[in-house]
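Written below as structure tokens is the structure these notes are about.
The values are calculated or read from the model by the stated rules, or taken from the named source; none is laboratory data. None of these values were measured; they are calculated from a predicted model. Please note: Cβ atoms are built from the backbone with ideal geometry, for glycine as well, and neighbour counts cover all protein chains shown. Side chains included, ligands, DNA and RNA excluded: accessible areas come from the protein's heavy atoms. Shrake-Rupley method; radii C 1.70, N 1.55, O 1.52, S 1.80 Å.
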Amino acid sequence: MGRHSASFQTDQRVDESSLRAHRQRALGHGESAQKSAGICSIEYNLLIIGQILSGYMRKVTSHGILEALWQLTQAGRPEVSSTDIISATQGSSATVRRHLDALCASGKVVRSGHARATRYRLQAGSSATEPATLRMPAPTEALPHVVWSPAAIALGHKLDVPLAARSPVTYRREFVDSYVPNESWLMSQALAQELYLSGRLREQLPAGTYARKVLEPLRIDLSWSSSCLEGNRYDLKATEELFARGTAGSDADTVMLLNHKAAIEYLVDAVPLQGLSTPLIRNLHAVLMQDLLAGTDALGVIRKKVLNISDTAYVPTQVPAILQEMLDAIVDKVRHIKNPVEAAFFLWVNLAYLQPFDDGNKRISRLAANIPLMLYNCPPLSFLDVDQQSYARAMLGVYEFRDVALAVDLFAWTYRRSLKKYGATMASVGVPNPLRLRYRQGLTAAIGLVVRDRKSAQAAVDALGLTEDQAPGFRAMLLDELKKLEVFNCARYGLTLLAVQAWIDANRPH
């Protein structure tokens, strides 16, 4: 306990300057706020614009960037720097610049100048300059939402308090340290067990079999859903077309989607062989964030720089040693959790809470949540139909209060949608009979002895040592296959058409 307490005190001291900066950013409207903040009128206007936008945007999106540019234009500043836009939207530098690149590529925003003199403005005559096109969808336009529990509603009320009135908080390692696998539960044990039993494969098959069976829809669903939560401008149809082409574009949104596809394929290949480990998580980050970070030196590397998250009172720990230690601890806890749904939820929540990498932490958490599900052959989690605001509020509940009520409801809702979709997919493709897989070679050999060598079925079974005490069910399967054997399905057993036809003409002796 003493070691954990000392580490946390160090973490608090290191984060003190970040917390002071956060309090300064959270100052409210009015002249007193402007004077106490000590900022000039231009900076104050940017702050006001950011606070207006944050009233309906929980996440920086392309629409948010356009709205900020429109607001700045109306304020008499048609050309602004990326720093101005970051201040107005309260977004991270990487996220804002990624959206700016995409908007410039689409022609909605014009970039001029170079390096520090780079400026951005709205394209003249663009329909994007009309505020009506920038409004977020009304709740009635969206898909059916989660039915929130009383605990989630109570947490939501806490998050409805204005940001300036919420106390700044930092990372608390006891959220992980106090968790005892199979004794502690982040979601209720009954819910975790219900979700686990609802979709798992009953047969004993190699790890990752389920994910491979649904790989085609999974990589589209998860890539698109996860990217949408990051403000990606592609729709589902465009994502399908991109994956069909398989060619990379020059904009960040295209790269993000293709990286998701590659990362999902990496997990499907690596998880059955490697299981869950810290190196696997770090490699997942490297695949998922390739060409999206400023340099390759940050790919898969534990964060060493200060990270602030917009629109929250939470400031992650900035100590690399704690980030590494806690990432290892999270992975170790998950490896010992027997219920794969609880393990997936624990990994999803805690990777996002820790923020171990420079960027892409929420993306990593969404994909990594599938690792325990793959290992236990459960339906994957693709975050189908989750909207940005619900997702952001679920994360804020964890960040600021270490309360998972919103996250549990959201997770359960979207995972049930995954259960239905991938359950239907599995039913359409069928699942291999594990007994047939076990006896596959023996069946081929036995049928060859019966058809080519005209041995009896029993003699073939005895010759191969596949008697009932050694291979339960084998003889019955052999007799059934001999009944179904025809000239049009004999190639799977390495038999010629002539040999099979001669055996059939002889009245199928066995």
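Can you tell me the dipole magnitude for the range 261-355 around its Cα centre, using point charges on the Cβ only (Lys, Arg +1; Asp, Glu -1), in Debye to the nearest 20? Could the numbers behind the result be given before it?
Values: 8 positive and 9 negative charges, 26 e Å.
The calculation lands at about 120 debye.
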In the structure shown, of Lys213/Lys333; Lys261/Lys305; Lys261/Lys421; Lys108/Lys305; Lys304/Lys362; Lys455/Lys484, the pairs separated by more than 24 angstrom at the C-alpha atoms are Lys213/Lys333; Lys261/Lys305; Lys108/Lys305
Set Lys and Arg Cβ to +1 and Asp and Glu Cβ to -1, take the dipole of the range 142-210 about its Cα centre, and tell me which of Gln189, Leu155, Pro206 lies farthest positive.
-> Leu155
Can you pull out the trypsin sites (Lys or Arg not before Pro) in the range 417-467 that DSSP calls coil and that have at most 16 other Cβ atoms within 10 Å?
-> Arg452, Arg454
Asp332 - accessible surface, heavy atoms, 1.4 Å probe, Å² rounded to 10 = 80
Amide H proximity to Val109 below 5 Å, modelled H, separation 5+ or other chain, gives Cys104, Gln123
At a probe radius of 1.4 Å, what is the per-residue accessible area of Thr496, in Å² to the nearest 10?
-> 80
Whose amide H sits under 5 Å from the amide H of Thr170, counting only residues 5 or more places off or on another chain, with H placed in the peptide plane?
-> Val315
Specify which residue in the list Trp348, Val287, Gln318 is farthest towards the positive end of the charge dipole of the range 271-367, using unit charges on the beta carbon of Lys, Arg (+1) and Asp, Glu (-1), about the Cα centre.
-> Trp348
